[in-house]
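Below you'll find the structure, written out as structure tokens, and then a few comments.
The values are calculated or read from the model by the stated rules, or taken from the named source; none is laboratory data. The structure presented is a predicted model; accordingly, all values stated were derived computationally and were not measured. Note that we place each Cβ from the backbone using ideal geometry, even for glycine, and neighbour counts take in every protein chain shown.
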């Protein structure tokens with residue numbers, strides 16, 4: 001039964017590739033006939049900021065007080081729907097969909113395949129860098145969404161001379177064959193190296 005008050009504050013259970021048992025805000029009084037540890041769907045190697053692990057499970061952004069699963073629907077803890085925690089839908093944590101954490105982006109590995117670029121033009125050289133005969137590599141962190149579009153481009157290792165801006169502008173136009181999880185396209189976070197070389 002869902003309650004109108006916000007979900008109780010608590011810690012997240014570990015992530016797993018398959019969710020056998022969803023987390024519960026209220027521990028059942030009758031032990032289940034077959035017990036399974038609660039998990040959220042996502043890469044098992046996903047590490048979140050340290051939280052007190054002795055807290056009851058709940059929404060880390062919830063409120064302190066008596067145990068409450070929140071106003072969401074399904075077996076969710078929070079305001080979302082599904083079997084996860086937070087405002088999203090599905091078995092993950094946070095605002096995303098279909099698993100994962102904190103916005104839904106997965107990391108490559110396990111059952112999650114790497115997105116494959118299908119349109120990846122080279123960025124233009126800035127005039128300043130060309131005149132200075134400047135070369136190097138810009139490292140970007142991007143999210144390739146389930147449609148193969150680039151989102152959330154962030155410079156991890158800048159190069160300067162206006163080449164970072166050129167790399168961001170160009171990579172934002174790239175198209176990918178999206179990464180898959182169990183055969184379903186999912187958003188995946190990947191690093192992209194953009195090299196600037198004068199020949």
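Structure summary
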read-out	value
Selection from region 172-187 of residues that are touching a residue at least 40 places away in the same chain (Cβ under 8 Å) and touching a strand residue (DSSP E or B) at 6+ places or on another chain (Cβ under 6 Å)	174, 175, 176, 177, 178, 179, 181, 186, 187
Residue that is surrounded by the fewest Cβ atoms within 10 Å (Cβ to Cβ) [pool: residues in region 1-22 that are modelled with pLDDT under 75 and farther than 20 Å from residue 112 by Cα]	1
Matching residues in region 143-159 - criterion: being in contact (Cβ under 8 Å) with a residue 24 or more places away in the chain and either part of a loop (DSSP other than H, G, I, E, B) or out of contact with any strand residue (DSSP E or B) (no Cβ under 9 Å at 6 or more places or on another chain) (or both)	145, 146, 147, 148, 159
Condition check for residue 198: more than 23 Å from residue 14 (Cα to Cα), loosely packed, with under 14 Cβ neighbours inside 10 Å and at pLDDT below 95	yes
Checklist (1) in a strand (DSSP E or B); (2) out of contact with any helix residue (DSSP H, G or I) (no Cβ under 7 Å at 6 or more places or on another chain); (3) surrounded by 19 or more Cβ atoms within 10 Å (Cβ to Cβ) applied to residue 140, failing item	(2)
Residue ID - surrounded by the most Cβ atoms within 10 Å (Cβ to Cβ), chosen from residues in region 144-181 that are under 15 Å from the mean Cα position of the chain (by Cα) and closer than 11 Å to residue 192 by Cβ	144
Lone qualifier among 127, 114, 165, 122 - being touching a helix residue (DSSP H, G or I) at 6+ places or on another chain (Cβ under 9 Å) and over 29 Å from residue 11 (Cα atoms)	122
